[in-house]
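Working notes, structure below.
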Amino acid sequence: MADVSGDGPLSGLVVADFSRIVAGPYCTMLLGDLGADVIKVESPAGDDTRTFVPPVRDGESTYYLAVNRNKRSIALDLADESDLAVARTLARRADVFVHNFRPGSMERYGLGYDDVASANPGVVYCAISGFGTHAGAAMPGYDLLIQAASGMMAMTGEADGPPLRAGISAIDVMTGLHSAVAVLAALNHRGRTGRGQLIEIDLLSSALSSMINQSSAYVAGGVVPQRMGNEHPSLFPYGPLPTADRELIVVAGNDRQFRILCDVLGRRDLAADPRFATVGLRNHHRDELRPELAAALASRGADEWAELLTRAGLPCGPINDVRGGVELATRLGLEPVVDVEGVPMVRNPAVYSLTPPRYRHRPPALDNAGDVVRAWLARTT
């Protein structure tokens, strides 16, 4: 049953993927890209994201397609004894077990860590929850809810506007990444010791970790971050500035970059001004510096400034839509889109010199490998 068609670094490993929606499926898709044989266990109704429409491609949700390549699906009703027996057999055979049901849910089916590990001591068992396994165990975890609960929404949006969610399921994606890193570390440990282990990751903790400087502002500095629109709390200029035709992202992350900006704009006097001499001073005097920069940028359009500033070594660029982002990556030779059995998908961003990601399976139809998985389990138990 193990898929050996690729030679990825995880080739030969079996992942029992009992997760759904985004965080777990994104984690397991990354493992599948690296060669693992991912068996996606779904209810007879299928993963919820199959119904997240529009948009669609050939009748399938593009949301579902985004996080489920390199997997094969088996539909199991855990309330049915025969299907539950299949699920338990798969758990005994798997190298990695991933789920994102509420804490306590899998234990009711004999699929909690203690049950699985008693029959499969080497299993790396990753349990993803919304709010952890203590006082928040009964609380459901959805990305929007975590963005609100963590403080991310409170600091996203214009200063005089309402809190806003990020344009993507940012916490789900970051939790999926944290989960994949944790699984890989546990697999490395297993390779050295032969011992599996339980990994617990919750969306709220992942959010607080991923907010880096903003969460650190509070826990280390006692500062509660507030909404600043496109402004950065610690850097200026670091965001959109107006030009003759449209806004341009301009980044001066240090004093050298600020001097480059002033040189290209023909405003060396700004770099020499003691009010703007350092990062901290520019932040303090940003309201005085902003109109000076805007006046200088008003002499040319965004594309012309982008060419001049980029040539000088300053990070800058236009504000693209998603189409523009994909087209830019294509022009830069990054080859952002791969064809996976007829489905265009955004490629795995990692580039390996010896064991590149493989795109072996398009996102599976519900239960597309049910008979194959059952036959494999019958032969190996």
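Here is how the numbers come out for the structure above:
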{"read-out": "Amide H within-cut-off set for residue 129, under 5 Å, with H built and near neighbours excluded", "value": "201, 202, 203"}
{"read-out": "Acute angle (nearest 10 degrees) that the helix 322-331 long axis makes with the longest principal axis of the chain, alpha-carbon atoms", "value": "90 degrees"}
{"read-out": "Dimensionless Rg ratio for segment 180-233, taking C-alpha atoms and the 2.2 N^0.38 Å reference", "value": "1.70"}
{"read-out": "Built amide H within the under 5 Å cut-off of residue 196, gap 5+", "value": "122, 123"}
{"read-out": "Tail beyond 18 Å, pair distance distribution of segment 238-327 (Cα, percent)", "value": "40 percent"}
{"read-out": "Phi-based couplings in Hz for segment 167-177 (Karplus 6.51, -1.76, 1.60; Gly and Pro marked x)", "value": "x, 10, 7, 4, 6, 4, 5, 5, 5, x, 5"}
{"read-out": "Cα principal axis extents for the chain, largest first, Å", "value": "77, 45, 43"}
{"read-out": "Angle in degrees between helix 370-380 and the longest Cα principal axis of the chain, rounded to the nearest 10", "value": "60 degrees"}
{"read-out": "Lys/Arg +1, Asp/Glu -1 at C-beta; the chain dipole; positive extreme among 131, 36, 354", "value": "354"}
{"read-out": "³J(HN,Hα) computed for each position of segment 271-286 - Karplus, 6.51 cos²θ - 1.76 cosθ + 1.60, integer Hz, glycine/proline x", "value": "5, 7, 5, x, 5, 10, 6, 9, 4, x, 5, 5, 5, 5, 10, 4"}
{"read-out": "With Cα atoms, 0 to 90° folded angle of helix 255-265 axis to the chain main axis", "value": "60 degrees"}
{"read-out": "Neighbour cut-off at most 14 other Cβ (10 Å), DSSP loop, trypsin sites (Lys or Arg not before Pro), segment 203-276", "value": "246"}
{"read-out": "Estimated FRET transfer efficiency when R0 is 22 angstrom, pair residue 52-residue 320 (beta carbons, to 0.05)", "value": "0.35"}
{"read-out": "Extension gain (nm, one decimal) between residue 164 and residue 380, 0.36 nm per residue minus Cα-Cα", "value": "72.7 nm"}
{"read-out": "Square roots of 5 times each gyration tensor eigenvalue, C-alpha, segment 96-171, largest first, Å", "value": "35, 12, 8"}
{"read-out": "Label point at residue 200 placed 7 Å out along Cα→Cβ; residues across segment 121-140 whose backbone nitrogen lies under 16 Å", "value": "125-140"}
{"read-out": "Long-range amide H partners of residue 340 with built H, under 5 Å", "value": "345"}
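None of the figures in this text is laboratory data; all of them are computed from the coordinates on show. The structure presented is a predicted model; accordingly, all values stated were derived computationally and were not measured. Positions of Cβ are backbone-derived with ideal geometry, glycine not excepted, and every protein chain shown enters the neighbour counts.
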